[in-house]
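Participant: Below is the structure I would like to discuss, written out as structure tokens.
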């Protein structure tokens with residue numbers, strides 16, 4: 001059974017999708033710890049409801065290295081085999097990424113490699129998609145490397161961009177896709193079916 005650690009800074013809806021999938025047996029694993037840099041993050045409340053350890057680690061007043069060593073100590077104490085970034089808004093440093101090389105994945109609300117990189121989070125991503133005139137968007141799950149949103153893409157799920165879409169309406173449609181895609185990828189990892197350097201899996205809207 002895969003032991004999963006999740007880093008999240010917000011409400012935790014992607015986390016909830018993983019928690020529900022573990023509970024239903026879709027994922028052969030369990031979320032054992034959720035860590036947030038925001039003390040009142042909804043993700044921590046969701047973790048407690050599913051008997052996962054909920055840990056707040058404040059980043060303020062610390063170097064990035066110190067903060068990440070504190071996170072790593074908690075992940076190691078929980079013996080996690082996979083780290084999932086689910087709405088975690090802080091960039092991670094080399095030492096942390098190297099420590100968990102090929103064991104950290106992130107969900108991004110666009111079809112990488114387009115609309116990735118610094119500043120491409122929240123509604124900014126969806127504003128950029130709409131401004132581009134693209135007729136489709138979606139979400140991507142990728143391995144985390146030092147390059148922001150630049151790690152190998154495991155899978156993408158596409159959604160249409162509808163006429164009259166606003167950043168908010170597109171965000172809602174993409175979020176629904178995230179809730180489908182992320183649990184699938186976590187289970188594929190649990191089964192050993194995906195790996196860095198493997199072919200990107202392309203999925204239509206489901």
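Participant: Looking at segment 86-115, which of the residues that are under 23 Å from residue 179 (Cβ atoms) and surrounded by fewer than 21 Cβ atoms within 10 Å (Cβ to Cβ) is modelled with the highest pLDDT?
Facilitator: Filtering segment 86-115 for residues under 23 Å from residue 179 (Cβ atoms) gives 86-90, 103-115.
Now drop any that are not surrounded by fewer than 21 Cβ atoms within 10 Å (Cβ to Cβ), which leaves 89-90, 103, 113-114.
On the way: 89: 87, 90: 91, 103: 97, 113: 94, 114: 94.
Step by step, filter segment 86-115, then rank; the result is 103.
Participant: Right, another one. If residue 195 satisfies all but one of (1) free of Cβ contacts under 8 Å to residues at least 60 places away in the same chain; (2) on the phi < 0 side of the Ramachandran plot, what's the number of the condition it fails?
Facilitator: Just one mismatch for residue 195, condition (1).
Participant: Pick from 36, 77, 24: which is out of contact with any helix residue (DSSP H, G or I) (no Cβ under 8 Å at 6 or more places or on another chain) and either more than 20 Å from residue 182 (Cβ to Cβ) or buried (at least 22 other Cβ atoms within 10 Å of the Cβ) (or both)? Give the steps one after another, and end with the answer.
Facilitator: Working: 36 fails: out of contact with any helix residue (DSSP H, G or I) (no Cβ under 8 Å at 6 or more places or on another chain); 24 fails: either more than 20 Å from residue 182 (Cβ to Cβ) or buried (at least 22 other Cβ atoms within 10 Å of the Cβ) (or both).
Going through 36, 77, 24 in turn, just one is out of contact with any helix residue (DSSP H, G or I) (no Cβ under 8 Å at 6 or more places or on another chain) and either more than 20 Å from residue 182 (Cβ to Cβ) or buried (at least 22 other Cβ atoms within 10 Å of the Cβ) (or both): 77.
Participant: Of the residues in segment 165-180, how many are part of a helix (DSSP H, G or I) and more than 13 Å from residue 16 (Cα to Cα)?
Facilitator: Of the residues in segment 165-180, 9 are part of a helix (DSSP H, G or I) and more than 13 Å from residue 16 (Cα to Cα).
Participant: Which is more than 29 Å from residue 93 (Cβ to Cβ), at pLDDT below 95 and out of contact with any strand residue (DSSP E or B) (no Cβ under 9 Å at 6 or more places or on another chain), of 199, 168, 146?
Facilitator: Details: 168 fails: at pLDDT below 95; 146 fails: more than 29 Å from residue 93 (Cβ to Cβ).
When all the criteria are applied, what remains is 199.
Participant: Okay, next question. What about residue 120, is it part of a loop (DSSP other than H, G, I, E, B), without any contact (Cβ under 8 Å) to a residue 60 or more places away in the chain and touching a helix residue (DSSP H, G or I) at 6+ places or on another chain (Cβ under 8 Å)? First the steps, then the outcome.
Facilitator: Values: part of a loop (DSSP other than H, G, I, E, B): yes; without any contact (Cβ under 8 Å) to a residue 60 or more places away in the chain: yes; touching a helix residue (DSSP H, G or I) at 6+ places or on another chain (Cβ under 8 Å): yes.
Yes, satisfied.
Participant: Which of the residues that make up segment 129-153 are in a helix (DSSP H, G or I) and over 17 Å from residue 118 (Cα atoms)? Spell out the reasoning first.
Facilitator: Step one: of segment 129-153, the residues in a helix (DSSP H, G or I) are 129-132.
Of everything in segment 129-153, those that are in a helix (DSSP H, G or I) and over 17 Å from residue 118 (Cα atoms) turn out to be 130, 131, 132.
Participant: Working carefully through the options 177, 128, 172, find the one that is surrounded by 17 or more Cβ atoms within 10 Å (Cβ to Cβ), out of contact with any helix residue (DSSP H, G or I) (no Cβ under 7 Å at 6 or more places or on another chain) and free of Cβ contacts under 8 Å to residues at least 24 places away in the same chain.
Facilitator: Values: 177 fails: free of Cβ contacts under 8 Å to residues at least 24 places away in the same chain; 172 fails: surrounded by 17 or more Cβ atoms within 10 Å (Cβ to Cβ).
Being surrounded by 17 or more Cβ atoms within 10 Å (Cβ to Cβ), out of contact with any helix residue (DSSP H, G or I) (no Cβ under 7 Å at 6 or more places or on another chain) and free of Cβ contacts under 8 Å to residues at least 24 places away in the same chain holds for just one of 177, 128, 172, which is 128.
The values are calculated or read from the model by the stated rules, or taken from the named source; none is laboratory data. A quick note: this is a predicted structure, and the numbers were derived from the prediction, not measured. So basically every Cβ, Gly included, is an ideal-geometry build from the backbone, and we count neighbours across all protein chains shown.
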